[in-house]
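Report on the following structure.
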Amino acid sequence: MVWARTKLLIWDYIFEPVKDIRISYVGPHPELFYKKINELIRTVFNVPDAYVQEKTYSWEKGKDSEKFEIDWEVNKILDIYSYIVTEVSLKGFVSGGEGKAVIRLKPRLITEYPQDTVWQQNILYEMVRRFWHQSFYHKKRMEFLNMGKELLTSMESSIKHFGEALREGKTETL
């Protein structure tokens, strides 16, 4: 990430034109997704705890039911200019051991160019930067997009596999 007051941002959604991935689960123990998603974020994205922020945590427990809503933001830094931001949200409820969970993954690749100094705001600098971006860095960004697709596909399949294991009642092996 570039630390600058003024910056040029280039956003790309990892899966175009789809902006997010939604996974719905109906079955036993959907509350177990909280621990599993928390674990998967750190293992699949391979990021330290400092790059994972739990933005929202709401867990309401009644007599026979629970309602929960959790949002995470994951930052995977790729190089000095680019990083992947993924918003992960989990919403659901449990009543009598059965319930529903909806998991949403919203990934995007962000590239930042600083524009603080007089040189960085110069038209000549912008022409050179655009030439460098189109000639050299564009290929690197496409590699980052492909890596992001692999990461999100792995995360999605791990969540689905966990949901299938829950439905089959294999909670002791999870």
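The values are calculated or read from the model by the stated rules, or taken from the named source; none is laboratory data. Just so we're clear, the structure is a prediction, and the values are computed from it rather than from any experiment. When we count neighbours, we look across all protein chains shown, and the Cβ atoms used for this are built from the backbone with ideal geometry, even at glycine. Protein only, heavy atoms only, side chains kept; ligands, DNA and RNA dropped before computing areas. Shrake-Rupley method; radii C 1.70, N 1.55, O 1.52, S 1.80 Å.
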Which value, in Å² rounded to 10, gives the accessible area of ASP116 with a 1.4 Å probe and all protein chains present? 50
Heavy-atom accessible area ranking, 1.4 Å probe, most first, across MET127, MET142, MET155: MET127, MET142, MET155
The answer for ILE14, listing residues at least 5 apart or on another chain whose modeled amide H is closer than 5 Å to its amide H, is ARG108, LEU109
Quick query: amide H of GLY99 versus all other amide H atoms, modeled in the peptide plane; which residues come in under 5 Å with a sequence gap of 5 or more or a different chain? GLY27, HIS29
I'd like to know which of GLY169, ILE123, PHE144 lies farthest towards the positive end of the charge dipole of the range 96-174, counting +1 on Cβ of Lys and Arg and -1 on Cβ of Asp and Glu. ILE123
Which residues qualify? For LEU8, with a placed amide H closer than 5 Å and at least 5 residues away or on another chain, they are TYR113, GLN115
The chain: longest segment with zero exposed trypsin sites (Lys or Arg not before Pro), where exposed means DSSP loop plus at most 12 other C-beta atoms within 10 Å, is residues 64-169
